[in-house]
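The values are calculated or read from the model by the stated rules, or taken from the named source; none is laboratory data. For clarity, every value in this text was computed on a predicted model and none was experimentally measured. Virtual Cβ from ideal backbone geometry, glycine too; neighbours counted across all protein chains shown.
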């Protein structure tokens, strides 16, 4: 049996909870992505934010934005920034006892 693997690069996913926190109970009417920014529109609210600030936490340490194995790649490869995989663990470990929730 032949298997043909289609690879799809991932630029990261937006954290829905972060958007909900920013909108503070307002209903999102429109979200427009352009370059590295996202425009959020709600009733009486409009704000443009850097996409990096809205990325899900798991995307910050992702080592494989491009598929590791594929027969054909859909789109272009995404640049892979150097990440410190355990930076969040190191940050937590450096906290004092009274700083831990």
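Some observations on this one:
- Residue in region 91-99 that is loosely packed, with under 11 Cβ neighbours inside 10 Å and touching a helix residue (DSSP H, G or I) at 6+ places or on another chain (Cβ under 9 Å) present: no
- Matching residues, region 22-56, being touching a helix residue (DSSP H, G or I) at 6+ places or on another chain (Cβ under 7 Å) and either part of a helix (DSSP H, G or I) or free of Cβ contacts under 8 Å to residues at least 12 places away in the same chain (or both): 54
One line per residue, one yes/no per condition, for (1) exposed (fewer than 10 other Cβ atoms within 10 Å of the Cβ); (2) over 30 Å from residue 71 (Cβ atoms); (3) in contact with a strand residue (DSSP E or B) (Cβ under 8 Å, 6 or more places away or on another chain); (4) modelled with pLDDT of 95 or more:
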residue: 1; (1), (2), (3), (4): yes, no, no, no
residue: 7; (1), (2), (3), (4): no, no, yes, yes
residue: 12; (1), (2), (3), (4): no, no, yes, no
residue: 24; (1), (2), (3), (4): yes, yes, no, no
residue: 31; (1), (2), (3), (4): no, yes, yes, no
residue: 41; (1), (2), (3), (4): no, yes, yes, yes
residue: 53; (1), (2), (3), (4): no, yes, no, no
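- Some residue of region 57-78 being in contact with a strand residue (DSSP E or B) (Cβ under 8 Å, 6 or more places away or on another chain), part of a helix (DSSP H, G or I) and surrounded by 11 or more Cβ atoms within 10 Å (Cβ to Cβ): no
- Per-region count, region 3-21, residues more than 14 Å from residue 51 (Cβ to Cβ), outside any loop (DSSP other than H, G, I, E, B) and touching a residue at least 24 places away in the same chain (Cβ under 8 Å): 2
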